[in-house]
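Any read-out appearing in this document is the output of simple, stated calculations on the displayed coordinates, not a laboratory observation. No experiment lies behind these values; they were computed from the predicted model shown. So basically every Cβ, Gly included, is an ideal-geometry build from the backbone, and we count neighbours across all protein chains shown.
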Amino acid sequence: MTGIEGLWPHNISPNRLAVLEIKLVLWLRSQNFSSELTSESLQYKSPEELQGLMLSATAAGCDFSEFRIMSKNVVEANTEDLLELANIAGLNPAEDFAGAKLLGVSLCGVDLSGANLHGAYLRGSDLSDADLSEANLSKVNLGGADLSGALLSNANLTDANLHLVSLALANLSGANLSNANLSNANLSNANLSDANLSGANLSDADLTQAGLALTNLTGANFQNTKVENARLWHDAGLSEEMKQDLISRGAVFEDT
């Protein structure tokens, strides 16, 4: 936000920008500027709209001196680690990232197990090898993100946008992916055992060599899905017709 009262430069990294925008929402709420303001409400605001928000806050008597000091510390911190930057800003990633704009951030290998990321905007982000087990990722937007090798066991991904996401080698055992959009996603060699994929859109996805033991596939869309050497065992919700269709495409049903 270059022109937004000089709070931070326009060319900072995605990790720093994400932390500062989240902190801005929480800070404004602490100033009683707007009790209705949420991180999600800033997801699609332009720099001009944000500048207008700051001017309104200034006119309402908000004192930005403390916020300026914090933002300067984040901008000048000798780290790009998102969790370290969040700590500098006084954020709790397990709670404060819900609904947040985290566009293009790097979270490679981080531990966010059990975190609440409901409704967060994570398009194009790097979460490879991250621990998101038991995290709340419902209605999250992860379009085009890299979650290869990530641990997502027992995570809540209901209604999540996972279009074009990479989940190669990811562990999704026990995860709830009901009604998730997994179109064009790479799920090769992923572990989907005991996962709930009911109503999920798997069109044009790659399930090559994925494991789907005891998976709920009720109403899942397998149009043009690659299933070569995908291994299924006692899965729920598959008609005999669909089962035979998947076999013809190279899937292996180990309970036959």
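From most to least packed by mean Cβ count within 10 Å, the peptides 245-253, 91-99, 190-198 give 190-198, 91-99, 245-253.
The count of lysine pairs in the chain whose Cα atoms are under 23 Å apart, excluding pairs fewer than 8 places apart on the same chain, comes to 10. Neighbour counts of other Cβ atoms within 10 Å put Ser56, Ser173 in the fewest-to-most order Ser56, Ser173. With a cut-off of 8 Å between alpha carbons and a minimum separation of six or more residues, what is the relative contact order of the chain in percent? Relative contact order for the chain comes out at 10 percent. At full extension, Lys243 and Glu95 could sit 49.1 nm farther apart than now, given 0.36 nm per residue minus the alpha carbon distance. The residues packed around Ile247, meaning those with a beta-carbon under 15 Å from its beta-carbon, carry a net charge of -3 if Lys and Arg are +1 and Asp and Glu are -1.
A full extension of the chain between Ser65 and His10 corresponds to an added length of 17.9 nm, given 0.36 nm per residue minus the alpha carbon distance.
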